[in-house]
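Accompanying notes for the structure given below.
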Amino acid sequence: MEETRLIMGMPITIAILDASATQADLDTVFTYFVAVDNIFSTYKPESEISKINRGELLLTHASEEMREIFALSAQTKKETGGYFDIQHNGAYDPSGIVKGWTIRNAADMLKTWGFQNFYIDAGGDIQVAGGKNGQPWRVGIRNPFNRHEHVKVLALTDQGIATSGTAIRGQHIYNPHNADEPLSDIVSMTVIGPDVYEADRFATAAFAMGRNGIQFIEKLAGFEGYMIDAHKRATLTSGLERYVLHQ
């Protein structure tokens, strides 16, 4: 059972291969994505984050979800030496952490319901569980210079993968240590992690580090990375090759 809906301004695909899956299961997960968007969307004037940015809502009076995201963002900022920061130009934008967090929570819902083989893809950030037809899930890393082709195809199971870059949304990531300088050295940073939340937050921070980001991922236990620079050159962490499918 598979379905795609446009939520959070992007296509979100949920596929559950377990025979017991129902439409109601998909509907419940999609409803969760909509609820999260209503809390965190900076494009919706009535969202909690918009109210916080306008000074109409104090964080102490915000939802448990908002307080959790602010705490996780502070933790990530500390773990990345300040290269991840949801505050920019006096406003908060937690989108660099919310998407992976939401996908992981949705995956946890499916696991709680007993599903073992599924994937959730939200705008290219993916959580996989189990496999497909007895094989690991095949996940491609898109070529940022040609979105119709993959530079690598990976075999993943019970992991998350996230990509940060400028190919789709342009310059939307910034270096908090030098916020006025555009990030032009690299165009794509893909990270494989134990789950998509971890992959997503570190992919964002690593992209903000520029060329040094791939070394940061190399040093993270349990993570692998694939960086493509502005000259179309790729740099891989030492363990990524074990996930690559050679056809």
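Would you pick out the residues in the range 117-127 that are over 13 Å from the mean Cα position of the chain (by Cα) and within 30 Å of residue 71 (Cα to Cα)? Reasoning before the result, please.
Quick first cut of the range 117-127, residues over 13 Å from the mean Cα position of the chain (by Cα) only: 117-119.
Selection gives 118, 119.
(1) in contact with a Pro (Cβ under 8 Å, 6 or more places away or on another chain); (2) open to solvent by 10 Å² or more (accessible area, probe 1.4 Å); (3) closer than 27 Å to residue 5 by Cβ; (4) of a type outside the set (Gly, Ala, Ser): which one isn't true of residue 85, the others all being true?
Going through the list (1) in contact with a Pro (Cβ under 8 Å, 6 or more places away or on another chain); (2) open to solvent by 10 Å² or more (accessible area, probe 1.4 Å); (3) closer than 27 Å to residue 5 by Cβ; (4) of a type outside the set (Gly, Ala, Ser), residue 85 breaks only (3).
Can you find a residue in the range 113-125 that is buried (at least 20 other Cβ atoms within 10 Å of the Cβ) and modelled with pLDDT under 95?
Checked the range 113-125: at least one residue is buried (at least 20 other Cβ atoms within 10 Å of the Cβ) and modelled with pLDDT under 95.
What residue, among those in the range 99-126 that are in contact (Cβ under 8 Å) with a residue 60 or more places away in the chain and among the β-branched types (Val, Ile, Thr), is nearest to residue 73 (Cα to Cα)?
Filtering the range 99-126 for residues that are in contact (Cβ under 8 Å) with a residue 60 or more places away in the chain and among the β-branched types (Val, Ile, Thr), the one nearest to residue 73 (Cα to Cα) comes out as 102.
Looking only at residues that are among the acidic types (Asp, Glu) and open to solvent by 60 Å² or more (accessible area, probe 1.4 Å) in the range 1-60, which one is farthest from residue 107 (Cα to Cα)?
56
Please verify whether the range 95-112 includes one or more residues that are open to solvent by 20 Å² or more (accessible area, probe 1.4 Å) and either in a loop (DSSP other than H, G, I, E, B) or at positive phi (or both).
The answer is no; no qualifying residue exists.
For the range 186-241, what are the residues that are assigned to a loop (DSSP other than H, G, I, E, B), within 19 Å of residue 98 (Cβ to Cβ) and not charged (D, E, K, R)? Before you say what the answer is, go through the steps one by one.
Kept after step one, since they are assigned to a loop (DSSP other than H, G, I, E, B), are these residues of the range 186-241: 194-195, 209, 219-223, 230-233, 237-239.
From what is left, the residues that are within 19 Å of residue 98 (Cβ to Cβ) are 194-195.
Passing the criteria: only 194.
Conditions: (1) among the hydrophobic types (A, V, I, L, M, F, W, C); (2) more than 17 Å from residue 10 (Cβ to Cβ); (3) within 18 Å of the chain's Cα centre (by Cα). Residue 91 meets all but one. Number of the miss?
Status for residue 91: all satisfied but (3).
Which of the residues spanning the range 203-247 are in contact (Cβ under 8 Å) with a residue 60 or more places away in the chain and open to solvent by 10 Å² or more (accessible area, probe 1.4 Å)?
204, 209, 216, 226, 232, 234, 243, 244, 245, 247
If I filter the range 129-157 down to residues being farther than 17 Å from residue 225 by Cα and surrounded by 14 or more Cβ atoms within 10 Å (Cβ to Cβ), which single residue comes out as nearest to the chain's Cα centre (by Cα)?
129
The values are calculated or read from the model by the stated rules, or taken from the named source; none is laboratory data. A quick note: this is a predicted structure, and the numbers were derived from the prediction, not measured. Note: ideal-geometry Cβ built from the backbone for every residue, glycine included; neighbour counts use all protein chains shown. Just the protein is used for accessible areas: all its heavy atoms, side chains included, with ligands, DNA and RNA removed. Shrake-Rupley method; radii C 1.70, N 1.55, O 1.52, S 1.80 Å.
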